[in-house]
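Asks: Let me begin by handing over the structure; questions about it come next.
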Amino acid sequence: MASSNRRIVATPNDSGISPSRRIAEELEQQREWYDVTLSSIGDGVISADMQGKVTFLNPVAESLTGWSNEEAQGRPLEDVFRIISEDTRTPIENPALRAMREGVISGLENHTLLISRDGREISIDDSGSPIRTGDGVFLGAVLVFRDITERRRGDEARALLVGIVDSSEDAIISKNLDGVIMSWNIAAERMFEYSAAEAIGQHITLIIPPERHHEETVILGRLRQGQRIEHFETVRVSKRGRRINISLSVSPVRNNRGEIIGASKIARDITERVRADQERARLLGIEQSARERAEAANRAKDEFVAMISHEIRSPLNSVLGWSQLIRRGSLDKDAMDRALESIERNARAQVQLLGDLLDISRVVTGKLRIETRPIDVRTTLEAALESIRPAAEAKSITVDVYPGPAGNLVTGDADRLQQVFWNLLSNAVKFTPNRGHIRVEIRRLDSYIQIKVSDSGIGISEEFLPYVFDRFTQADTSTVRKHMGLGLGLAIVRHLIELHGGSVAVESAGEGQGATFTVTLPVRVVRDHALDFGRAGSAVPSLDTKTEKIPLAGLRVMIVDDEIEARELLTAILSTQGAEVKACKSTAEALAVIEEWKPAILVSDISMPEEDGYSFIKRVRMLDSEQRDVPAIALTAYARSEDRMRALAAGFQMHVPKPVEAMELLMVVTSLAKRLRREVK
């Protein structure tokens with residue numbers, strides 16, 4: 001060890017102790033004092049002489065190195081104090097030797113391990129200092145080192161926590177109880193777009209939208225009570241104003257005395273999850289709406305089946321009942337007239353029902369077509385008015401018509417527009433009570449014609465008004481409803497008007513307040529001067545006029561139909577006009593007699609067993625006689641446009657749908673007869 005800087009001079013004294021002895025005693029006392037001091041400190045101390053030999057180890061050094069002071073003295077310092085780099089596992093130069101060589105204090109590198117005598121590895125922190133006299137003479141060096149294993153562990157734990165915090169995808173923020181931000185990790189920088197330097201020291205309301213500032217008051221109040229807040233879903237705002245859906249967890253932070261001094265907040269961005277939840281909710285809503293619509297459609301289908309069953313059976317009941325009474329022959333003349341009137345009325349109702357079903361089928365498949373030509377709306381409307389007038393008079397309903405000026409031309413299908421007006425007018429009559437009032441008005445509005453049909457009837461509720469023109473919908477679908485029907489007429493009306501380039505709307509002040517239907521059609525732009533406006537869209541001339549000009553007397557007509565009732569009916573219709581009729585029950589029978597009987601006109605059903613009408617007419621057209629050119633009329637219950645086209649393509653000249661109107665059949669036969677007579681001339 002280095003000696004004191006005092007110079008000791010041997011001089012006599014009064015105690016009689018020689019100066020040399022006194023000096024030796026003082027030196028020994030100082031040495032003991034140094035030994036006690038070095039042994040008492042908490043760091044390990046090792047001293048070495050100029051040759052690098054160990055001269056002293058204090059107890060701490062003994063414990064750490066595993067060498068006792070007596071065993072170590074005189075041994076090379078590198079044997080007793082073996083150190084390596086923790087990172088490279090290579091030996092490190094002893095700082096005491098470096099201190100002696102360079103004459104300065106030398107510290108250890110970071111991450112230095114001391115290898116003890118028994119092979120233990122101890123993290124240490126140390127330094128080496130040269131020992132010199134007051135005159136600057138080097139006597140050796142001293143090492144001072146300490147075990148920093150626990151500190152290293154703490155540092156590593158803290159570094160690990162810092163690494164975890166910084167590598168977290170969640171924003172981790174700490175604040176004091178005043179709401180001032182104390183720490184701000186990298187994820188918080190990414191999420192909220194503020195750097196740590198910008199955020200630390202600011203109040204936490206930096207990222208809270210103004211309308212949610214009250215949340216911070218509640219959170220701080222709960223923290224002061226020591227409560228945790230788990231997965232609180234809220235909204236925060238970034239530096240650029242972007243609103244972020246987050247899930248927030250907040251925990252109180254305590255000091256070593258257990259006092260709450262702040263809070264740690266973990267914020268997770270759940271924007272995508274919220275969007276996914278919203279999308280899921282939207283899709284669920286769509287699915288639920290679709291399911292409800294499907295269920296409603298299913299109910300509507302069941303109701304429709306029930307209604308159509310009723311609507312078909314009710315007329316058939318009257319037809320069947322009166323027919324049975326007629327067959328018994330027990331009816332007088334008045335009763336017979338009522339029976340025939342009822343049968344005809346109900347048969348026509350059936351025809352109307354089937355017509356609506358066919359039309360709505362064409363609407364659904366997009367095959368409903370119109371044949372357009374210039375027509376006068378007023379003439380078409382008058383025809384529809386004539387058809388509903390008897391029903392209105394039966395209920396004492398007043399019908400006021402304001403037709404407007406003549407010559408209101410549109411481009412359209414006269415028959416289909418008459419169907420539209422008939423539907424609207426018949427509905428007005430149906431839903432208007434006795435002694436009610438109906439108003440029909442035609443007005444010109446710029447380039448449009450507007451037809452209004454208003455009634456003083458039962459009206460339409462506000463809830464049902466948006467669905468008036470939907471298929472199979474009725475305000476009352478119960479079994480006790482007063483007004484029958486399938487709910488198809490207005491759906492067909494809307495489609496037909498749209499095909500004409502127009503629109504239809506309905507208004508009603510509510511139940512019991514009547515209703516107004518408004519049809520708007522575009523006016524025809526170009527006027528055809530060759531057109532007789534007075535006759536545009538007029539009805540076909542009467543049967544009597546036609547038959548007077550071209551009587552059917554002596555005209556041979558062959559009927560081919562597998563149903564006996566149909567054959568008898570057709571025979572009766574044609575025979576009453578003087579035609580000579582031959583009825584055949586099959587195509588085979590007809591082909592067997594056609595060459596011999598030589599009909600002038602063929603009337604054949606299409607749907608027949610064994611061989612249908614298409615095959616029959618093809619075989620007729622292949623005959624080797626003049627009969628191959630006989631004009632033919634197809635009768636069919638299939639009334640679609642494609643059915644008509646197929647019949648004409650097969651070889652028929654005309655197509656008449658069932659049920660057969662007597663007047664229509666006679667007019668068709670008359671037309672063909674007129675053509676034959678013209679060809680003969």
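The values are calculated or read from the model by the stated rules, or taken from the named source; none is laboratory data. None of these values were measured; they are calculated from a predicted model. Glycine gets a Cβ as well: all are built from the backbone with ideal geometry, and neighbour counts include every protein chain shown. We work out accessible area using only protein heavy atoms, side chains counted, and drop any ligands, DNA or RNA first. Shrake-Rupley method; radii C 1.70, N 1.55, O 1.52, S 1.80 Å.
Asks: Does Ile458 count as of a type outside the set (Phe, Trp, Tyr) and under 17 Å from Gly501 (Cβ atoms)?
Replies: no
Asks: So, one more: For the stretch 361-372, state whether one or more residues are touching a strand residue (DSSP E or B) at 6+ places or on another chain (Cβ under 7 Å), at pLDDT 70 or above, open to solvent by 50 Å² or more (accessible area, probe 1.4 Å) and outside any helix (DSSP H, G or I).
Replies: Yes, that holds for at least one residue.
Asks: Could you tell me which residue of the stretch 166-189 is surrounded by the fewest Cβ atoms within 10 Å (Cβ to Cβ), considering only residues that are in a helix (DSSP H, G or I), out of contact with any strand residue (DSSP E or B) (no Cβ under 6 Å at 6 or more places or on another chain) and not charged (D, E, K, R)?
Replies: Per the stated criteria, the residue is Ser167.
Asks: Looking only at the stretch 203-219, how many residues end up being open to solvent by 90 Å² or more (accessible area, probe 1.4 Å) and either among the hydroxyl-bearing types (Ser, Thr, Tyr) or farther than 19 Å from Ile244 by Cα (or both)? Talk me through it step by step, then tell me what you get.
Replies: Of all residues in the stretch 203-219, those open to solvent by 90 Å² or more (accessible area, probe 1.4 Å) come to 210-211, 214, 217.
Those still in the list that are either among the hydroxyl-bearing types (Ser, Thr, Tyr) or farther than 19 Å from Ile244 by Cα (or both) too: 217.
Counting residues in the stretch 203-219 that are open to solvent by 90 Å² or more (accessible area, probe 1.4 Å) and either among the hydroxyl-bearing types (Ser, Thr, Tyr) or farther than 19 Å from Ile244 by Cα (or both) gives 1.
Asks: While we're on this one: Residues to consider are Ala61, Ala72; find the one that is within 15 Å of Ser127 (Cβ to Cβ) and either in contact with a Cys (Cβ under 9 Å, 6 or more places away or on another chain) or touching a residue at least 12 places away in the same chain (Cβ under 8 Å) (or both). Spell out the reasoning first.
Replies: Working: Ala72 fails: within 15 Å of Ser127 (Cβ to Cβ).
Only one candidate passes the filter, namely Ala61.
Asks: Now for a different question. If Leu552 passes every condition in (1) within 16 Å of Ala428 (Cα to Cα); (2) at pLDDT 80 or above; (3) part of a loop (DSSP other than H, G, I, E, B) but one, which one does it miss?
Replies: Status for Leu552: all satisfied but (1).
Asks: Another question about this same structure. Kindly indicate the residue of the stretch 570-592 that is assigned to a helix (DSSP H, G or I), touching a strand residue (DSSP E or B) at 6+ places or on another chain (Cβ under 6 Å) and in contact (Cβ under 8 Å) with a residue 60 or more places away in the chain and also farthest from Asp612 (Cα to Cα) among those meeting that condition.
Replies: Only one residue fits best here, namely Leu574.
Asks: Just give me the residues in the stretch 378-437 being modelled with pLDDT of 85 or more, among the charged types (D, E, K, R) and under 22 Å from Arg345 (Cβ atoms), in sequence order.
Replies: Glu386, Arg389, Glu393, Lys395, Lys430
Asks: Consider Arg567 carefully, then state whether it is in a loop (DSSP other than H, G, I, E, B) and either at negative phi or modelled with pLDDT under 90 (or both).
Replies: no
Asks: Being outside any helix (DSSP H, G or I), at pLDDT below 50 and not acidic (Asp, Glu) is the requirement here; does Pro541 meet it? Walk me through it before giving the result.
Replies: Values: outside any helix (DSSP H, G or I): yes; at pLDDT below 50: yes; not acidic (Asp, Glu): yes.
Taking the combined requirement at face value, the residue satisfies it.
Asks: Considering only the stretch 594-603, I want to know if a residue exists there that is part of a helix (DSSP H, G or I) and out of contact with any strand residue (DSSP E or B) (no Cβ under 9 Å at 6 or more places or on another chain). Break it down stepwise before answering.
Replies: First pass over the stretch 594-603, keeping only residues part of a helix (DSSP H, G or I): 594-597.
Of the ones still in play, those that are also out of contact with any strand residue (DSSP E or B) (no Cβ under 9 Å at 6 or more places or on another chain) are 595-596.
Yes, the stretch 594-603 contains at least one residue that is part of a helix (DSSP H, G or I) and out of contact with any strand residue (DSSP E or B) (no Cβ under 9 Å at 6 or more places or on another chain).
Asks: Out of all the residues in the stretch 494-502, is one or more assigned to a helix (DSSP H, G or I), modelled with pLDDT of 80 or more, charged (D, E, K, R) and open to solvent by 30 Å² or more (accessible area, probe 1.4 Å)?
Replies: yes
Asks: Further question on the same structure: Consider the stretch 577-609. How many of its residues are open to solvent by 40 Å² or more (accessible area, probe 1.4 Å) and polar (S, T, N, Q)?
Replies: Residues meeting the conditions: 2.
Asks: When the stretch 321-346 is examined, which residues are found to be surrounded by 15 or more Cβ atoms within 10 Å (Cβ to Cβ) and within 21 Å of Ser387 (Cβ to Cβ)?
Replies: Ser342, Ile343, Asn346 - these are the residues of the stretch 321-346 that are surrounded by 15 or more Cβ atoms within 10 Å (Cβ to Cβ) and within 21 Å of Ser387 (Cβ to Cβ).
Asks: Quick check on my filter: what residues within the stretch 428-456 are aromatic (Phe, Trp, Tyr) and open to solvent by 70 Å² or more (accessible area, probe 1.4 Å)?
Replies: Result: Tyr448, single match.
Asks: Okay, moving on. If you take the residues of the stretch 610-638 that are surrounded by fewer than 17 Cβ atoms within 10 Å (Cβ to Cβ) and of a type in the set (A, V, I, L, M), which of them is nearest to Thr571 (Cα to Cα)?
Replies: Ala637
Asks: Where in the stretch 52-165 are the strands (runs of 3 or more DSSP E), entirely inside, with at least 2 residues that are open to solvent by less than 40 Å² (accessible area, probe 1.4 Å) and among the small types (Gly, Ala, Ser)?
Replies: So the answer is 121-132, 138-147.
Asks: Kindly establish whether Lys618 is more than 15 Å from Val668 (Cα to Cα) and assigned to a strand (DSSP E or B).
Replies: Numbers: more than 15 Å from Val668 (Cα to Cα): yes; assigned to a strand (DSSP E or B): no.
It is false that Lys618 is more than 15 Å from Val668 (Cα to Cα) and assigned to a strand (DSSP E or B).
Asks: State whether one or more residues within the stretch 507-523 are at pLDDT below 85 and either farther than 15 Å from Val410 by Cβ or not in a loop (DSSP other than H, G, I, E, B) (or both).
Replies: Scanning the stretch 507-523, I find no residue that is at pLDDT below 85 and either farther than 15 Å from Val410 by Cβ or not in a loop (DSSP other than H, G, I, E, B) (or both), so the answer is no.
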